[in-house]
1. From the list GLY113, GLY90, GLY126, exactly one residue is at pLDDT below 95 and small (Gly, Ala, Ser). Which is it?
2. Which members of segment 116-130 meet the condition of being more than 9 Å from the chain's Cα centre (by Cα) and either assigned to a loop (DSSP other than H, G, I, E, B) or among the small types (Gly, Ala, Ser) (or both)?
3. Just wondering, is there one or more residues in segment 14-28 that are at pLDDT below 95, touching a Gly at 6+ places or on another chain (Cβ under 9 Å) and in a helix (DSSP H, G or I)?
4. VAL108 is checked against (1) surrounded by fewer than 15 Cβ atoms within 10 Å (Cβ to Cβ); (2) in contact with a helix residue (DSSP H, G or I) (Cβ under 9 Å, 6 or more places away or on another chain); (3) in contact (Cβ under 8 Å) with a residue 40 or more places away in the chain and fails just one. What number does that condition carry?
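The values are calculated or read from the model by the stated rules, or taken from the named source; none is laboratory data. Quick caveat, the model's predicted, so the values are computed rather than measured. Using ideal geometry, Cβ is built from the backbone for each residue, glycine included, and neighbour counts are taken over all protein chains shown.
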Amino acid sequence: MSHRISLCAVLLCLFGGASHTQPAAEAASTAADRWTADKWVAEDEDNICGIKDLKKVSNPAKVDYDVLWDATPQIKRMKEKKIDPESTEGKALRSQAKTLITKSAELVRAAKGYCGVWKTIKNEDGRKVPDVTDDVKEKLTE
């Protein structure tokens with residue numbers, strides 16, 4: 001009988017009881033969630049290129065989109081010629097400007113090893129997100 005109790009005690013220690021396995025699994029899951037959810041804060045529409053899923057973001061960059069917008073040849077032309085942004089020509093120019101910014105941001109993202117480029121993104125831990133506005137602006141005129 002003492003052998004039976006000892007064997008049960010050993011098995012219980014090795015494998016744990018049903019009440020012991022669940023909290024351990026939950027603790028492991030919670031730790032994994034903390035590791036994968038890096039607490040990046042951004043809106044989907046602020047993503048310009050690259051990874052959009054905030055759970056997968058690891059090394060993002062940001063830009064001042066308004067500066068880039070005004071630096072595109074299309075928007076400069078629209079302002080110089082006083083083209084109505086809601087006209088057919090204005091809509092076409094705005095679409096071309098957006099495409100140019102996206103393509104230029106993608107070139108910078110790939111060249112510098114960022115996972116994504118955003119209009120606005122921050123991390124809850126306060127880390128600084130690199131600003132690549134000037135790099136993207138250079139690509140707008142190439």
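1. Among GLY113, GLY90, GLY126, only GLY126 is at pLDDT below 95 and small (Gly, Ala, Ser).
2. LYS119, THR120, GLU124, ASP125, GLY126, ARG127, LYS128, VAL129, PRO130
3. Within segment 14-28 (the criterion being at pLDDT below 95, touching a Gly at 6+ places or on another chain (Cβ under 9 Å) and in a helix (DSSP H, G or I)), the answer is yes, since at least one residue qualifies.
4. VAL108 satisfies all of (1) surrounded by fewer than 15 Cβ atoms within 10 Å (Cβ to Cβ); (2) in contact with a helix residue (DSSP H, G or I) (Cβ under 9 Å, 6 or more places away or on another chain); (3) in contact (Cβ under 8 Å) with a residue 40 or more places away in the chain except (1).
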